[in-house]
1. Could you look through segment 23-45, keep only residues that are in contact (Cβ under 8 Å) with a residue 24 or more places away in the chain and out of contact with any Leu (no Cβ under 9 Å at 6 or more places or on another chain), and pick out the one that is nearest to Val159 (Cα to Cα)?
2. Name the residues in segment 174-213 that are of a type outside the set (D, E, K, R), touching a residue at least 40 places away in the same chain (Cβ under 8 Å) and part of a loop (DSSP other than H, G, I, E, B), would you?
3. State which residue is nearest to Thr64 (Cα to Cα) when the search covers only segment 1-16 and only residues that are modelled with pLDDT of 95 or more and surrounded by 14 or more Cβ atoms within 10 Å (Cβ to Cβ).
4. If Thr51 satisfies every condition in (1) of a type in the set (Ser, Thr, Tyr); (2) out of contact with any Pro (no Cβ under 8 Å at 6 or more places or on another chain); (3) part of a loop (DSSP other than H, G, I, E, B) but one, which is the exception?
5. Which members of segment 46-68 meet the condition of being among the hydroxyl-bearing types (Ser, Thr, Tyr) and either under 19 Å from Ile79 (Cβ atoms) or free of Cβ contacts under 8 Å to residues at least 40 places away in the same chain (or both)?
Amino acid sequence: MNSDHDVGMRRVHPGPPEEVSVADAYASPLGSRADRPWVALCMVSSIDGSTVFDGASGGLSNPTDIAVLLHLRSLAQVILVGAGTSNAEGYGPPRDGQRVGVVTRAGNVDFDSDLFTSGAGFVITTESASFAVPGAVDVLRAGRTAVDVVEAVRRLPEVVGDCRTVQAEGGPSLNAALAMADAIDEMNLTTSSATVGGDGPRLTAGGNDMVHRFDVAQLAIDDLSFVYTRWLRRRS
């Protein structure tokens, strides 16, 4: 077991309360689907709802949250991320060898970055997008003028082969697109034990009003009062 995933937390739901490792608390995805890969969203936010501090999520995180992120990545075959977040967070090749699908309509990605030169990164864009993509970079086109995220997720096996679980990591615009399409099956949310003020985006930004119900599958807390919740989309 990767030692990064041995970081502990106290699980308080489902009870009884107990000390658990990140690897045990996040042992597997909360479900699976037969019609398309399972989509699990992983994000961190402040108590007052911001997903960034000083333009990035790192200032909201801590070692346990990072261990959660890395362990959940190890359960997925594809990491889905918006171009803005990929650029701001400096995405590189994942530690566990997954592929990273970067969602963009305008092509504002650095194809000379390690993410793409390593072969880990590929582009998800629209059918009408006209920006140039190097021949060595895989492209998945879904939707004419806006990326059809459900079609893109369904067709991921065309690019990556075996794909049962997708980890979506933002940003808020991508999260909103997934939420509007009711494509989020599971949410793994860390609430940082701080307020940060400012006008940073919420978990979703730019989407229409919607109500999608989730059931809490797990709630845990660490020594720094960070709260870790796992939410399962209520489909019945």
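1. Of all residues in segment 23-45, those in contact (Cβ under 8 Å) with a residue 24 or more places away in the chain come to 23, 25-26, 28-33, 35-45.
This time we only want the ones that are out of contact with any Leu (no Cβ under 9 Å at 6 or more places or on another chain), so: 23, 25, 32-33, 35.
Details: Ala23: 29, Ala25: 31, Ser32: 20, Arg33: 19, Asp35: 17 Å.
Here the residue is Asp35.
2. Scanning segment 174-213 gives Ala183, Ile184, Ser192, Ser193, Ala194, Thr195, Val196, Gly197, Gly198, Gly200, Pro201, Leu203.
3. Met9
4. Here Thr51 meets the rest and fails (2).
5. The first filter runs over segment 46-68 and keeps only residues among the hydroxyl-bearing types (Ser, Thr, Tyr), leaving 46, 50-51, 57, 61, 64.
Those that are among the hydroxyl-bearing types (Ser, Thr, Tyr) and either under 19 Å from Ile79 (Cβ atoms) or free of Cβ contacts under 8 Å to residues at least 40 places away in the same chain (or both): Thr51, Ser57, Ser61.
One line per residue, one yes/no per condition, for (1) at positive phi; (2) out of contact with any helix residue (DSSP H, G or I) (no Cβ under 8 Å at 6 or more places or on another chain); (3) surrounded by 23 or more Cβ atoms within 10 Å (Cβ to Cβ); (4) not small (Gly, Ala, Ser):
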residue: Ser128; (1), (2), (3), (4): no, yes, no, no
residue: Arg164; (1), (2), (3), (4): no, yes, no, yes
residue: Asn175; (1), (2), (3), (4): no, yes, yes, yes
residue: Ala179; (1), (2), (3), (4): no, yes, no, no
residue: Val196; (1), (2), (3), (4): no, no, no, yes
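The values are calculated or read from the model by the stated rules, or taken from the named source; none is laboratory data. Keep in mind it's a predicted model, so treat the numbers as computed, not measured. Reconstructed Cβ throughout: ideal geometry from the backbone, glycine too, with neighbour counts over all protein chains shown.
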